[in-house]
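First up is the structure itself, then whatever we jot down about it.
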Amino acid sequence: MSTSLSNTSTVRAGRWVYGASVALLCAWVLVPIYLLLVNTLSSPAAVSGFPKSFVPEFDTGSLEFFASFGGMINALLNSIYVAAITMVLSILIGAPAGYALSRFEFKGKELFRLLILLTRAFPLPLLALPLTVMFIQVGLDDTILGLALVHTTLAIPFAVLITFSLFSGIPVELEEASWTLGCTRLTGFRYVVLPLILPGITASAIFAFVISWNEVFAAAVLTIENRTLTAFLLQNLDTSPLHLKFAGGFILVVPALVFIFAVRKYLFAMWGIANR
Amino acid sequence: MAEILIKNVAKKFETYQALSDINLTISDREFMVLLGASGCGKTTLLRIIAGLETATSGEVWIGGKRIDHLPPKDRGIAMVFQNYAVFPHMTVFENIGFGLRMQKQPESVVQERVKRTASLMHIEQLLDRYSGELSGGQRQRVAVARALAMEPDVILMDEPLSNLDALLRLEMRAELKGVLAESETTAIYVTHDQVEAMSLADRISVMNRGEIVQAATPMEVYRNPAAEFVAGFIGNPPMNFVVADRSENNQWRVAGEYYPGPKSDADQIHFAIRPEDVVIADAGLDARVRLVEPLGAHLHVTCDVGGRMFRAVLDSGLEVKAGDHLKLQPQLDRIRWFDKNTTKALEV
């Protein structure tokens, strides 16, 4: 009797701890985002006033200010261009590497995988200065392409790891079957592998887009005239009033959040492989 | 005409010799089964014929044409994979028609052949389904139909039934045999299941450690195994071996009895007999019964003969129990002899 009683209470306590942890983690992520939202949609007076309201006023003044702010639209477009180039380049370079890792055995394969991860070990500030000097020498400084190249190197490790896990999820027999049915390696890829992997490739591309979209350091160092949205806001928000800081933050966070949410399934798959 | 000629084919993976000097001729329309335990090289050989693996050395000819340098699509083969490999993003119809469309056949031919092979494999009602909506057996049928629709010279099958449950396997086995006999293609079928091999094959190639030990008709392989490995691998329970000591005039002493055997200089050779080829008699091999398994149709009796395990399949009406002493008389024309050292069969 007593064992079953203590069992139930243990189970109950366990459930309680589990529920509390989940709630805590959710709050950890959601509360700042919610506060950001509330303050973005509040009038300047409410943002700097006290006590705080936890219900947004739906005052779009701050957002309207940004829409008409000089250079803002230009920076937004720059961000989109850079992110788009990063997206295309990182898939064009990353996906073949992912395919090779999943399908072929070659010398130094493990080392290659390690090196891919190691590219993330160098802090960007360490690389930014020499890069800037190099970019000035070759004329890539303050260009969209130059920044996109840097962002591509940041995004490639993820592109390789995600596509590696995607390709590994497709049985090699499917490809072999296509070869015995009249396909070459290329047409087999085109008709069998590509249709199966396309959703994942899209997700991986969006992830690369988000990496570029969110990147601020390289953008701030490498561009002066052609600032991306992050660099532009960093530069201008520093001296802006509080309510504009909130609105600027909100503008940056929301697209990234939406994209990440859209591709979450594939990102989890990537971590599954990376953890092995 | 699609005779297959395999000449001196060898395959080495890094340091591991998967196949060593394989020579095999498979005649047109023959059903050849490659039989062996896992790791014996049978699948590697099949994949070399298909072009999915390259041989380290040797030649492969199909229909008088050397093909070992060609990609799979130009070899006139079709293959059925162990895990079916049905394309998940295509309907059954598109799967079966995939090869034909790759060959750029006119749409009327595609329609006609897909429908014909689908009805041959009894899946015409599934043509609009996707592979995720099919059972294992249905997927297997799609895989076979997809290969047959190509009307290949040679159809290669890699353990196609091993993922099916026992009952379905029996059903598909019989069906495959009928369909392939009608299709008039040469077939190579890889399996580790000796019953499947016996029931399907025109000829069986028994493989062991990267070599073909014997290639012969099922009955020949069963009755006259070329080596102890074949004798022990085929048949359930497998052949019995007892040590035989040399005596006068090519007579050999086996567990207290004398039998006429081969000429040999060896002092000891192996006497071999199938479990069903012995009967209880007044004289014969001295046997002490260890275990009796009544299986309904037969009685499986495990005994001790000459210090070795010896299995006999006896009439189920007999009353035998553990501890009994029996005299087991072998049917004289069924006795086989093997060299103790080379394990090869000895001619009488």
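If each residue's Cβ is checked for other Cβ atoms within 10 Å, how do A:ILE224, A:ILE93 rank with the fewest at the top?
A:ILE224, A:ILE93
For the protein assembly as shown, just the Cα set please: Rg and Dmax, both in angstrom.
Considering the protein assembly as shown through its Cα atoms, Rg and Dmax are 36.1, 120 Å.
Please arrange B:SER264, A:SER79, B:SER135 by counting, for each residue, the other beta carbons lying within 10 Å of its beta carbon, fewest first. All intermediate terms of the calculation are to be shown ahead of the outcome.
Values: B:SER264 16, A:SER79 27, B:SER135 11.
So the ranking, lowest neighbour count to highest, is B:SER135, B:SER264, A:SER79.
Would you calculate, for chain A, the mean residue ellipticity at 222 nm contributed by helices, counting each DSSP H stretch of 4 or more residues as -39,500 (n - 2.57) and dividing by all residues, to the nearest 500?
On the way: 14 runs with 215 residues, N = 276.
Taking each H run of at least 4 residues, the total per residue is -25500 deg cm²/dmol.
Nearest 5 percent is fine: what portion of the DSSP beta bridges confined to chain B is antiparallel? Walk me through the numbers before you get to the answer.
Details: 60 of 78 bridges.
Given both bridge residues lie in chain B, the antiparallel proportion sits at roughly 75 percent.
Would you compute, from DSSP H runs of 4+ residues alone, the mean residue ellipticity of chain B at 222 nm, taking -39500 (n - 2.57) per run and dividing by the full residue count, rounded to the nearest 500?
On the way: 8 runs with 85 residues, N = 348.
Only helices count here, giving -7500 deg cm²/dmol.
How do B:VAL33, B:VAL313, B:VAL179 line up, fewest other C-beta atoms within 10 Å first?
B:VAL179, B:VAL313, B:VAL33
What whole-number distance in Å separates the alpha-carbon centres of segment B:290-322 and segment B:29-99?
First find each Cα centre; the distance between them is then 43 Å.
Please turn the phi angles of segment A:64-79 into ³J(HN,Hα) values with the Karplus equation 6.51 cos²θ - 1.76 cosθ + 1.60 (θ = phi - 60°), one per residue in order, whole Hz, x for glycine and proline.
Running phi through 6.51 cos²θ - 1.76 cosθ + 1.60 with θ = phi - 60° gives 5, 4, 5, 4, 9, 6, x, x, 5, 4, 4, 5, 4, 4, 4, 4 Hz.
List the residues whose amide H sits under 5 Å from the amide H of B:ALA227, counting only those 5 or more places along or on another chain, with H placed 1.01 Å from N in the peptide plane.
Here B:ALA345 satisfy the definition.
Using 1/(1 + (r/R0)^6) with R0 = 35 angstrom and r between the beta carbons of B:ARG290 and B:LYS115, what's the FRET efficiency to the nearest 0.05?
Numbers: r = 59 Å, r/R0 = 1.68.
Once rounded, the FRET efficiency stands at 0.05.
Exceeding 22 Å between C-alpha atoms, which entries from my cross-link table qualify? They are B:LYS73/B:LYS177; B:LYS11/B:LYS42; A:LYS107/B:LYS7; B:LYS7/B:LYS177; B:LYS65/B:LYS177. Intermediate values should be presented prior to the final figure.
Details: B:LYS73/B:LYS177 25 Å; B:LYS11/B:LYS42 12 Å; A:LYS107/B:LYS7 31 Å; B:LYS7/B:LYS177 28 Å; B:LYS65/B:LYS177 27 Å.
In this structure, B:LYS73/B:LYS177; A:LYS107/B:LYS7; B:LYS7/B:LYS177; B:LYS65/B:LYS177 exceed 22 Å between Cα atoms.
Would you work out the relative contact order for segment B:1-137, in percent, from Cα pairs under 8 angstrom that are 6 or more residues apart? Before the final figure, lay out the partial values.
Numbers: 167 pairs, mean separation 28.1, N = 137.
So the answer I get is 21 percent.
Which of B:VAL92, B:VAL279, B:VAL154 sits closest to the plus end of the dipole of chain B, meaning its Cα is farthest towards the positive end, when Lys and Arg get +1 and Asp and Glu get -1 on the C-beta?
Toward the positive end, the furthest listed residue is B:VAL92.
Take the alpha carbon atoms of segment A:93-161, find their center, do the same for segment B:223-287, and report the distance between the two centers in whole angstrom.
71 Å
Return a whole-number percent for the relative contact order of chain A, with Cα pairs under 8 Å and 6 or more residues apart as the contact set.
On the way: 284 pairs, mean separation 76.0, N = 276.
It rounds to 28 percent for chain A.
Can you give me the long-range amide H partners of B:LEU285? Hydrogens built in the peptide plane at 1.01 Å from N, cutoff under 5 Å, separation of 5 or more residues or another chain.
B:LEU328, B:GLN329
Per residue of segment A:152-169, what does 6.51 cos²θ - 1.76 cosθ + 1.60 with θ = phi - 60° give for ³J(HN,Hα)? Whole Hz please, x for Gly and Pro, Karplus curve as stated.
5, 5, 6, 8, 4, x, 5, 4, 5, 5, 5, 5, 4, 5, 5, 5, 5, x
Would you mind pulling out the separation of the Cα centroids of segment A:193-209 and segment B:326-348, in Å?
Their Cα centres are 65 Å away from one another.
Which percentage, to the nearest 5, of the DSSP beta bridges contained in the protein assembly as shown is antiparallel? Mind dumping the intermediate values first?
Working: 60 of 78 bridges.
DSSP beta bridges in the protein assembly as shown are roughly 75 percent antiparallel.
Which whole-Hz couplings ³J(HN,Hα) result when phi for each residue of segment B:278-284 is put into the Karplus expression 6.51 cos²θ - 1.76 cosθ + 1.60, θ = phi - 60°, listed in order with x for Gly and Pro?
Listing the rounded values in order: 10, 10, 6, 9, 6, 10, x Hz.
Laboratory data are not the source of any read-out in this text; all were calculated from the coordinates shown. Everything numeric in this text was worked out from a predicted model, so none of it was measured. Glycine also receives a Cβ, built like all others from the backbone with ideal geometry; neighbour counts cover every protein chain displayed.
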